[in-house]
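Asks: Pasting a structure below so you can have a look.
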Amino acid sequence: MSPREPGERPKLLRAAVARLAPVIPVGQELGARFAAAGHELALVGGPVRDAFLGRTSPDLDFTTDATPDQTLEVIRGWSDAHWEIGRAFGTIGLRKWGHLIEVTTYRSDIYDRTSRKPEVTFGTTLSEDLVRRDFTVNAMAVRFPSLEFVDEHRGLADLAARLLRTPSSPKVSFADDPLRMLRAARFASQLGFSVAPDVSAAMTEAAGTLSIVSAERIREEFTRLVMSDSPREGLTLLVNTGLADVFLPELPALQLEVDEHHHHKDVYQHSLTVLEQAIALEGPRSVPGVQAPETVEGPDLVLRLAALLHDVGKPATRRFEPGGGVSFHHHEVVGAKLVTKRLRAMRYDKETISAVSRLVELHLRFHGYGTGEWTDSAVRRYVTDAGPLLPRLHLLTRSDSTTRNARKAQLLASTYDHLEVRIEQLKAAEELAAVRPELNGNEIGEILDVPPGKVIGEAYRFLLGVRLDEGPIGKDAARERLLAWWGDRQT
């Protein structure tokens, strides 16, 4: 229902005021202080939008005609604490009564269209500030202390229609800050909004300009999109507009391929489905025969990136086989290398890159399990190779089944149940999660009478292989095997 229908707008306003009730006292007191100093103050952006959506924002964003120096004069002696980290951009942060607050001078951020950094200029009116904002649903404001609602760009109507429009021309808006195009995709996923046709067209036309934005800013927006409840919508928008080609070309490249198991799907759609299924498995779960399956608390960035990117090695490994078949041999190995390179370019941290690429490398390992023919040695290696990533590997492997054949899907699920049961049984018998050789490095050095170095590392790996293949054999037997190995090396 549109808020322009009789009685609807006041109703929405009352609901928003009720949602803002906990922050109104601090807002009115702060607004009164600014008014006494001859300045304006308005709550703006996300907190206002979220109030109409029935949500509470953790932080409060205010805007004012006061300069940062004047803002400091107003809040000194009143705030519980304040900080000036964003002062160069016109922002002063403070804490009052448990609320985290940012007060930013009216401004107009624009790119010079060749630089990665915005130029910051301060404005003098609320209207000037609102028109520079990314979308109309973020260009609504509430003045304090008067509680006057300001909506100069029909943001409330767009909110009711769940539509993303820009306050100014989308071409101008995206030229001012190309990151706004990526933000549109993120809001599509986070809020479940659609993008206005002129906005989508402008995104497609200006997609290449995203390249002037820093990798760090792109990474943060992309991460927030992936961590949303429904990332498919935003990812689809990134691919359809060409934005993904700029910073994640491996994703749209998957549209060209045909999955070897599901010829009615391309690998791109399969990957989006795997991501959705992985998200659905986050949190507590149950496995028949396993008393307390390890869980992955969501939203989990490593799992989600691995699910989305697990098949990126397929385009480079596609081979057309005699008889019309298609193969992607070793695509998991190639994919792991591509993931490492791409996530480095996006400036993800080393731990995230390592974990995601390792999961991509391991995601096919389960398919050698058959109907349970693996030896205990193979199960031990599966667990040891996964290490602390094992709970995520469980979910990634289960999510990678997107067949529409119900019988086949149930067989795959029950087979993986069987593997998890075997893992738990071996863990109970052998403390498998901490599998180590039965001789440590010091003991190996003493037995072989060699100093620390390469030989001890090689001997350690040999004994680890014995441990994985044969299970616990005891220190005496391990010593005999070590000496035999050492003797063979000396001949």
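The values are calculated or read from the model by the stated rules, or taken from the named source; none is laboratory data. Predicted, not measured: the structure shown is a model, and the values here were computed from it. Virtual Cβ from ideal backbone geometry, glycine too; neighbours counted across all protein chains shown. The area values use the complete protein model at the heavy-atom level, side chains included, leaving out ligands, DNA and RNA. Shrake-Rupley method; radii C 1.70, N 1.55, O 1.52, S 1.80 Å.
Asks: Does region 271-282 contain at least one residue that is assigned to a helix (DSSP H, G or I), buried (at least 20 other Cβ atoms within 10 Å of the Cβ) and either among the acidic types (Asp, Glu) or over 21 Å from the mean Cα position of the chain (by Cα) (or both)?
Replies: Scanning region 271-282 turns up no residue that is assigned to a helix (DSSP H, G or I), buried (at least 20 other Cβ atoms within 10 Å of the Cβ) and either among the acidic types (Asp, Glu) or over 21 Å from the mean Cα position of the chain (by Cα) (or both).
Asks: Return yes or no: is Asp469 out of contact with any helix residue (DSSP H, G or I) (no Cβ under 9 Å at 6 or more places or on another chain) and either of a type in the set (Val, Ile, Thr) or not in a loop (DSSP other than H, G, I, E, B) (or both)?
Replies: No, not satisfied.
Conditions (1) touching a strand residue (DSSP E or B) at 6+ places or on another chain (Cβ under 7 Å); (2) without any contact (Cβ under 8 Å) to a residue 60 or more places away in the chain, marked per residue:
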position	(1), (2)
Ala15	no, yes
Gly27	yes, no
Glu40	yes, no
Leu43	yes, no
Gln70	no, yes
Lys96	no, no
Val103	yes, no
Tyr106	yes, yes
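Asks: Could you list, in sequence order, all residues of region 360-377 that are surrounded by 15 or more Cβ atoms within 10 Å (Cβ to Cβ) and either in a loop (DSSP other than H, G, I, E, B) or in contact with a Phe, Trp or Tyr (Cβ under 8 Å, 6 or more places away or on another chain) (or both)?
Replies: Residues satisfying the conditions are His363, Leu364, Arg365, Phe366, Tyr369, Trp374.
Asks: Within the group Thr402, Thr371, Thr375, Thr397, which residue is out of contact with any Lys or Arg (no Cβ under 6 Å at 6 or more places or on another chain) and at pLDDT 90 or above?
Replies: It is Thr397.
Asks: Then there is this: Assess whether Ala406 counts as being closer than 25 Å to Val267 by Cβ and open to solvent by 70 Å² or more (accessible area, probe 1.4 Å).
Replies: The answer is yes for Ala406.
Asks: When region 288-311 is examined, which residues are found to be aliphatic (A, V, I, L, M) and at pLDDT below 95?
Replies: Result: Val290, Ala292, Val296.
Asks: Can you tell me which residues in region 172-227 are of a type outside the set (Lys, Arg), open to solvent by 20 Å² or more (accessible area, probe 1.4 Å), modelled with pLDDT of 95 or more and within 20 Å of Asp300 (Cα to Cα)?
Replies: Of everything in region 172-227, those that are of a type outside the set (Lys, Arg), open to solvent by 20 Å² or more (accessible area, probe 1.4 Å), modelled with pLDDT of 95 or more and within 20 Å of Asp300 (Cα to Cα) turn out to be Glu216, Glu220, Thr223, Met227.
Asks: What residue, among those in region 453-480 that are basic (Lys, Arg) and within 11 Å of Glu438 (Cα to Cα), is least open to solvent (accessible area, probe 1.4 Å)?
Replies: Arg467
Asks: Same structure, new question: Just the residues that are in a strand (DSSP E or B), in contact with a Leu (Cβ under 7 Å, 6 or more places away or on another chain) and either farther than 30 Å from Ala32 by Cβ or among the acidic types (Asp, Glu) (or both), please, taken from region 144-200.
Replies: Once the filter is applied, which keeps residues that are in a strand (DSSP E or B), in contact with a Leu (Cβ under 7 Å, 6 or more places away or on another chain) and either farther than 30 Å from Ala32 by Cβ or among the acidic types (Asp, Glu) (or both), region 144-200 yields Ser194, Val195.
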